[in-house]
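Report on one structure; see the data block that follows.
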Amino acid sequence: MTSARLPFDPIGEAARLWREHGWEGAAEGMAAVTSLMRAQAIVQAWVDDVLRPLQLSFARYELLMLLSFTREGCLPMAKAGARLQVHPTSVTNAASRLEAAGLVVRRPDPNDGRGVLVTITEAGRSLAARATELLNEQVFSRPELTSPGMRDLVDTLGELRQAAGDFET
């Protein structure tokens, strides 16, 4: 991210102003949401910096990795979308871009007349492995993401996601 470093925490200041305007009961929630959104933008920029030279988005990377983890290297498109927790249009878009690049192939699902199977190619496996190596090196291993506090944050966000119906235990 190229924005200048501020001499104060603008989210902390916003929370103070929220309280000052009589919104005490919402100040912590506003700060939590705003912090999550800002952290997402920061992490997204780190990931984009790694994946952009490989001509991948994070959505396409996730689909490649999901396929690479399957026994056969393929999944029905509907199942891929469900596992990635994205709208069917999003998985179709990602698969279309990957297919155009020769990283996956799509074909009718022999077990479902209306379904489509998406299968990772050897080129897709190779690119997924390279992208993972770079992400592990440059993003996923960063001290900011591997601290005990971050583990606590992941657990807390898991509780939020579960309460919102994102998954069952």
Accessible area of the range 103-156 with a 1.4 Å probe: how many percent of it is carbon plus sulfur?
55
Whole number in Å², please: accessible area per residue of the range 71-163, 1.4 Å probe, ligands, DNA and RNA not counted.
65
Hey, rough spin-label estimate for Ser3 and Arg52, points 7 angstrom out along Cα→Cβ, what's it come to in nanometres?
1.7
Options [x] 15.3, 44; [y] 19.8, 62; [z] 19.4, 80 for Rg and Dmax of the Cα atoms in Å; the value derived from the coordinates is listed as [y]
Here FRET efficiency (C-beta to C-beta, Gln40 to Glu99, R₀ 30 Å, nearest 0.05) is 0.60
Cα centroid separation - the range 75-101 against the range 1-67, whole Å:
25
Run through the range 54-135 and list the chymotrypsin sites (Phe, Trp or Tyr not before Pro) located in a DSSP loop whose Cβ has at most 15 other Cβ atoms within 10 Å.
Phe69
Length gained, Thr132-Ala32, 0.36 nm per residue minus C-alpha separation, equals 33.0 nm
Report, to the nearest whole %, how much of the accessible area of the range 1-77 belongs to carbon and sulfur atoms, 1.4 Å probe, protein only.
61
Just to confirm the number: angle between the C-alpha axis of helix 58-68 and the first principal axis of the chain, 0 to 90 degrees, nearest 10?
50
For the range 1-47, what is the accessible area per residue in Å² when the probe is 1.4 Å?
74
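The values are calculated or read from the model by the stated rules, or taken from the named source; none is laboratory data. Note that the structure is predicted; figures quoted are calculated from it, not measured. FYI the Cβ positions are ideal-geometry reconstructions off the backbone, even for glycines, and counts take in every protein chain you see. All accessible areas refer to the heavy atoms of the entire protein, side chains included, with ligands and DNA or RNA removed. Shrake-Rupley method; radii C 1.70, N 1.55, O 1.52, S 1.80 Å.
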